[in-house]
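Only one structure is covered here, and it is reproduced in the block below.
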Amino acid sequence: MLDPSREAIKETLHLIMYEEDFTILKLQHREFLENSKSLNKNTLMRTIYWLEMHGHVKRGPLRFANKKLYHATPQGEVFYRSIMKES
């Protein structure tokens with residue numbers, strides 16, 4: 001699997017960390033992708049998988065559709081700050 005672009009990583013981490021509506025329901029409807037330049041449904045899912053495999057995000061409990069689906073780990077927060085400084 002190819003690594004996602006830096007822009008896709010930045011946008012995905014931003015959604016996970018700061019988008020309050022980044023829930024299972026919103027993920028299913030993909031409403032937040034309409035304004036994105038670098039993300040589409042497939043890119044988002046591949047990027048989340050890449051972030052999860054590298055320990056930057058973790059999956060939350062799936063019991064409730066109105067709960068956040070993913071959370072940034074402390075390592076992910078440091079990673080996000082470091083890639084934001086690069087730009």
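The values are calculated or read from the model by the stated rules, or taken from the named source; none is laboratory data. Here the structure is a predicted model, which is why all the values come from computation and not from measurement. FYI the Cβ positions are ideal-geometry reconstructions off the backbone, even for glycines, and counts take in every protein chain you see.
One table, with the values for the structure above:
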| quantity | calculated |
| --- | --- |
| Pick from the stretch 34-54, criterion of a type outside the set (Lys, Arg) and over 18 Å from Arg6 (Cβ atoms), ranking: modelled with the highest pLDDT | Glu34 |
| Within the stretch 55-87, tally of residues that are surrounded by 13 or more Cβ atoms within 10 Å (Cβ to Cβ), in contact with a helix residue (DSSP H, G or I) (Cβ under 6 Å, 6 or more places away or on another chain) and at pLDDT 90 or above | 5 |
